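Undergrad: This structure is in structure tokens; I'll ask about it shortly.
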Amino acid sequence: MDEILRSIPHRPPFLFIDEIVEVREDGATCKRTIRMEEPQFEGHYPGNPIMPGVLLCEACFQTGAIYLAKQIEKDGRSLNDVTPVLSRITDARFKQMVKPGDEITIEVTMKEAVSRFFFMKGKVLKGGKPAMTVEFALAMVEEERI
């Protein structure tokens, strides 16, 4: 968990990654166990908890941010100087429900970089099969100093 907290600015209750499995040259893989006590299940849905699709997307975005953070570190730059910001979501597809108790694997692959924008493909796997897929772009925004 410490490695995740050093890599991205997200914090509970808006952190949707438990473990970094690997960071490759072309992407990253992370894991997460969905827990019943998470606050979204109070309303989504009482008696039939289903992980919201937008939060599965967010797990992909956070995995992408971890990948980019590792690239920045490799280049010798400081993570304190940039913040990952979502700039595009396309083609999100939801293929199976994710529920409390499920362990998911989040895989993100880099497609291309254009200026400060990084275009990626993400997927969430449950039991080795796709639960959702999404294409997205993150921008690494330099923090404004006050």
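Undergrad: Assess whether M36 counts as being more than 22 Å from F119 (Cα to Cα), in contact (Cβ under 8 Å) with a residue 40 or more places away in the chain, among the hydrophobic types (A, V, I, L, M, F, W, C) and in contact with a Phe, Trp or Tyr (Cβ under 9 Å, 6 or more places away or on another chain). Steps first, please.
TA: Details: more than 22 Å from F119 (Cα to Cα): yes; in contact (Cβ under 8 Å) with a residue 40 or more places away in the chain: yes; among the hydrophobic types (A, V, I, L, M, F, W, C): yes; in contact with a Phe, Trp or Tyr (Cβ under 9 Å, 6 or more places away or on another chain): no.
Spelling it out, it is not the case that M36 is more than 22 Å from F119 (Cα to Cα), in contact (Cβ under 8 Å) with a residue 40 or more places away in the chain, among the hydrophobic types (A, V, I, L, M, F, W, C) and in contact with a Phe, Trp or Tyr (Cβ under 9 Å, 6 or more places away or on another chain).
Undergrad: Considering only segment 39-84, state which residues are under 14 Å from the mean Cα position of the chain (by Cα) and surrounded by fewer than 14 Cβ atoms within 10 Å (Cβ to Cβ).
TA: Passing the criteria: only V54.
Per-residue answers, yes or no, for (1) out of contact with any Lys or Arg (no Cβ under 6 Å at 6 or more places or on another chain); (2) modelled with pLDDT under 95; (3) within 21 Å of A131 (Cα to Cα); (4) not aliphatic (A, V, I, L, M):
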residue: A28; (1), (2), (3), (4): yes, no, yes, no
residue: R32; (1), (2), (3), (4): yes, no, yes, yes
residue: N48; (1), (2), (3), (4): yes, no, yes, yes
residue: E58; (1), (2), (3), (4): yes, no, yes, yes
residue: K74; (1), (2), (3), (4): yes, yes, no, yes
residue: N80; (1), (2), (3), (4): yes, yes, no, yes
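Undergrad: A further question on this structure: Quick check on segment 86-95. Is at least one of its residues within 24 Å of P13 (Cα to Cα) and touching a His at 6+ places or on another chain (Cβ under 8 Å)?
TA: no
Undergrad: Conditions: (1) in contact with a strand residue (DSSP E or B) (Cβ under 6 Å, 6 or more places away or on another chain); (2) under 24 Å from D91 (Cβ atoms). E58 meets all but one. Number of the miss?
TA: Exception for E58: condition (1).
Undergrad: Taking T90 as the residue in question, decide whether it is surrounded by fewer than 17 Cβ atoms within 10 Å (Cβ to Cβ) and either among the small types (G, A, S) or part of a strand (DSSP E or B) (or both).
TA: yes
Undergrad: Give segment 115-146 a look and list any residue that's surrounded by 10 or more Cβ atoms within 10 Å (Cβ to Cβ), without any contact (Cβ under 8 Å) to a residue 24 or more places away in the chain and among the hydrophobic types (A, V, I, L, M, F, W, C), or say none.
TA: Answer for segment 115-146, where residues must be surrounded by 10 or more Cβ atoms within 10 Å (Cβ to Cβ), without any contact (Cβ under 8 Å) to a residue 24 or more places away in the chain and among the hydrophobic types (A, V, I, L, M, F, W, C): just L125.
Undergrad: I'd like to verify a number: residues in segment 10-38 that are within 19 Å of V85 (Cα to Cα) and in a loop (DSSP other than H, G, I, E, B), how many?
TA: 8
Undergrad: Only one of V141, V85, V134, V108 is assigned to a strand (DSSP E or B) and either touching a Pro at 6+ places or on another chain (Cβ under 9 Å) or on the phi > 0 side of the Ramachandran plot (or both); which?
TA: The match here is V141.
The values are calculated or read from the model by the stated rules, or taken from the named source; none is laboratory data. All values derive from a computational prediction rather than experimental measurement. Every residue, glycine as well, gets a Cβ built from its backbone with ideal geometry; the counts of neighbours run over all protein chains shown.
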